[in-house]
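Novice: I have a structure I would like to understand better, so I am pasting it below and will then ask my questions one at a time.
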Amino acid sequence: QGLIKYHRLSSGVFSARSEKIHAVDGVSLIVEKGETLGLVGESGCGKSTLARLILRLENHDGGRIIFDGQDITGLAGKRLRCIRRRMQMIFQDTYASLNPRMTVGAIVGEPLANYRVGTRREQKEKVRQLLQTVGLSHEHAARYPHEFSGGQRQRIGIARALALQPDLVVCDEPVSNLDVSVRAQIVNLLMQLKKQLGLAYLFISHDLTIVSYISDRVAIMYLGKIVEMLPGGDLAVKARHPYTRALLAAVPVHHPRLRGDKELLVEGEPPDPVSPPAGCRFHPRCPRAQEKCRVSEPLLEPIGAGHQVACHLAGA
Ligand code: SF4
Ligand code: MG
């Protein structure tokens, strides 16, 4: 049944022209216990909105969210708070997400204080352990975020996310702002913590190399919809959707395993989400588009083991 399940989740806001923009449009996803689900797409495709919906930081206007067997769609107040502590988030921007006026110890211990977990002394001890868990020292607790490098600041963010022993951690582009040289360290730390603590991750990224490396399964998102879903290890070789192939083609050549179809390089900007194209939303940019694609919307359908694609030509 999965740790968390989103059924036909949608979210919209009204634009200046009073039209509904659906950043997330009828997305269904399951994250299993202890699993990493990678979520890939261009910026503006709805990945971050989906993450915020999942954590109930933003309200949805359609669909249901089931967490550990419990329908949390309409949950509010104390009961929502109770569930929310089991889902934490790691952010892309460690400047914006770590309060510069708080010490590292106060930042990491804040969730413990908010939820009144243990005594002050127990909280301090827990913070020491958390810093060690993420490869920092307890001596760092008295210092401030600006005294640390980007990679170390992300470790602080991870320690804070782990404080309440969550089941699910949503990682929103956690290494995109880091130097290439420290990305692997943080990715490996996340993988090690997952194993050690039995965490499940929703790992949002536009970096296909990292996503295929870290994810058990990968979901590809385009204009608010999931267009392909497949095992992480199959991404490079088995991806079928023209959009996925195009993303793979854009991966720098020093990752030869992840080679896509060069002729499928996606050109142009994603269309305006206010009025998504009819039929297949990808058709204006798809080099394989046919007449049918302009009128009929392809559904996400199974084409192999753990592999689903939303494309009229996927079976062909
Ligand atoms: Fe391209 Fe048509 Fe497939 Fe959409 S349905 S991805 S337009 S071939
Ligand atoms: Mg984003």
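Novice: Just give me the residues in the range 180-216 being touching a Lys or Arg at 6+ places or on another chain (Cβ under 8 Å) and more than 22 Å from residue 234 (Cα to Cα), in sequence order.
Specialist: 186, 189, 198
Novice: Are any residues in the range 230-255 in a strand (DSSP E or B) and surrounded by fewer than 24 Cβ atoms within 10 Å (Cβ to Cβ), and if so, which ones? Quick ask: steps written out before the conclusion?
Specialist: Our first condition is that a residue be in a strand (DSSP E or B); within the range 230-255, this holds for 230-231.
Result: 231, single match.
Novice: Residues being modelled with pLDDT of 90 or more, farther than 20 Å from residue 167 by Cβ and within 16 Å of ligand 2 (Cβ to nearest atom): count how many of those fall in the range 183-206.
Specialist: 1
Novice: Scan the range 65-74 and tell me whether some residue there is loosely packed, with under 12 Cβ neighbours inside 10 Å and in a loop (DSSP other than H, G, I, E, B).
Specialist: There is at least one residue in the range 65-74 that is loosely packed, with under 12 Cβ neighbours inside 10 Å and in a loop (DSSP other than H, G, I, E, B).
Novice: I've got another one for you. Can you tell me which condition residue 51 does not meet? The list is (1) under 15 Å from the mean Cα position of the chain (by Cα); (2) part of a strand (DSSP E or B), and all the others hold.
Specialist: Just one mismatch for residue 51, condition (2).
Novice: Do the conditions hold for residue 279, that is, is it within 8 Å of ligand 1 (Cβ to nearest atom) and either more than 30 Å from residue 216 (Cβ to Cβ) or modelled with pLDDT of 95 or more (or both)?
Specialist: yes
Novice: Tell me which residues, restricted to the range 128-150, are surrounded by fewer than 15 Cβ atoms within 10 Å (Cβ to Cβ) and of a type in the set (A, V, I, L, M, F, W, C).
Specialist: 142, the sole residue that qualifies.
Novice: For a quick check of your reading: which helices (runs of 4 or more DSSP H) sit entirely within the range 113-214 and have at least 1 residues that are outside the structural domain of residue 55 (by TED's automatic domain parsing)?
Specialist: 120-133, 150-162
Each row is one residue, and each column tells you yes or no for (1) touching a residue at least 12 places away in the same chain (Cβ under 8 Å); (2) touching a His at 6+ places or on another chain (Cβ under 8 Å); (3) within 26 Å of residue 49 (Cβ to Cβ); (4) not small (Gly, Ala, Ser).
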{"position": "120", "(1), (2), (3), (4)": "no, no, no, yes"}
{"position": "124", "(1), (2), (3), (4)": "yes, no, no, yes"}
{"position": "138", "(1), (2), (3), (4)": "no, no, no, yes"}
{"position": "155", "(1), (2), (3), (4)": "yes, no, no, yes"}
{"position": "162", "(1), (2), (3), (4)": "yes, no, yes, yes"}
{"position": "175", "(1), (2), (3), (4)": "yes, no, yes, yes"}
{"position": "178", "(1), (2), (3), (4)": "yes, no, yes, yes"}
{"position": "181", "(1), (2), (3), (4)": "no, no, no, no"}
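Novice: On the given criteria, is residue 90 in contact with a Leu (Cβ under 7 Å, 6 or more places away or on another chain), buried (at least 18 other Cβ atoms within 10 Å of the Cβ) and either among the hydrophobic types (A, V, I, L, M, F, W, C) or within 17 Å of residue 191 (Cα to Cα) (or both)?
Specialist: It is false that residue 90 is in contact with a Leu (Cβ under 7 Å, 6 or more places away or on another chain), buried (at least 18 other Cβ atoms within 10 Å of the Cβ) and either among the hydrophobic types (A, V, I, L, M, F, W, C) or within 17 Å of residue 191 (Cα to Cα) (or both).
Novice: Against the definition (surrounded by fewer than 21 Cβ atoms within 10 Å (Cβ to Cβ), of a type in the set (A, V, I, L, M) and more than 29 Å from residue 10 (Cβ to Cβ)), how does residue 184 come out, yes or no? So that I can check it myself, show each step before the final result.
Specialist: Numbers: surrounded by fewer than 21 Cβ atoms within 10 Å (Cβ to Cβ): yes; of a type in the set (A, V, I, L, M): yes; more than 29 Å from residue 10 (Cβ to Cβ): yes.
Against the criterion (surrounded by fewer than 21 Cβ atoms within 10 Å (Cβ to Cβ), of a type in the set (A, V, I, L, M) and more than 29 Å from residue 10 (Cβ to Cβ)), residue 184 qualifies.
Novice: Which of the residues that make up the range 184-226 are over 19 Å from residue 31 (Cβ atoms) and under 13 Å from the mean Cα position of the chain (by Cα)?
Specialist: 206, 207, 208 - these are the residues of the range 184-226 that are over 19 Å from residue 31 (Cβ atoms) and under 13 Å from the mean Cα position of the chain (by Cα).
Novice: For the range 92-110, what are the residues that are in contact with a Ser or Thr (Cβ under 8 Å, 6 or more places away or on another chain) and closer than 15 Å to residue 152 by Cβ? Write out each step before concluding.
Specialist: Initial filter on the range 92-110 (in contact with a Ser or Thr (Cβ under 8 Å, 6 or more places away or on another chain)): 92.
None - no residue of the range 92-110 is in contact with a Ser or Thr (Cβ under 8 Å, 6 or more places away or on another chain) and closer than 15 Å to residue 152 by Cβ, so the list stays empty.
Novice: Could you tell me which residue of the range 291-312 is nearest to residue 244 (Cα to Cα), considering only residues that are within 6 Å of ligand 1 (Cβ to nearest atom) and part of a loop (DSSP other than H, G, I, E, B)?
Specialist: 311
This table checks each residue for (1) within 16 Å of ligand 2 (Cβ to nearest atom); (2) at pLDDT below 85; (3) β-branched (Val, Ile, Thr).
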site	(1), (2), (3)
4	no, yes, yes
29	no, yes, no
41	yes, yes, no
89	yes, no, no
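The values are calculated or read from the model by the stated rules, or taken from the named source; none is laboratory data. Predicted, not measured: the structure shown is a model, and the values here were computed from it. Glycine gets a Cβ as well: all are built from the backbone with ideal geometry, and neighbour counts include every protein chain shown.
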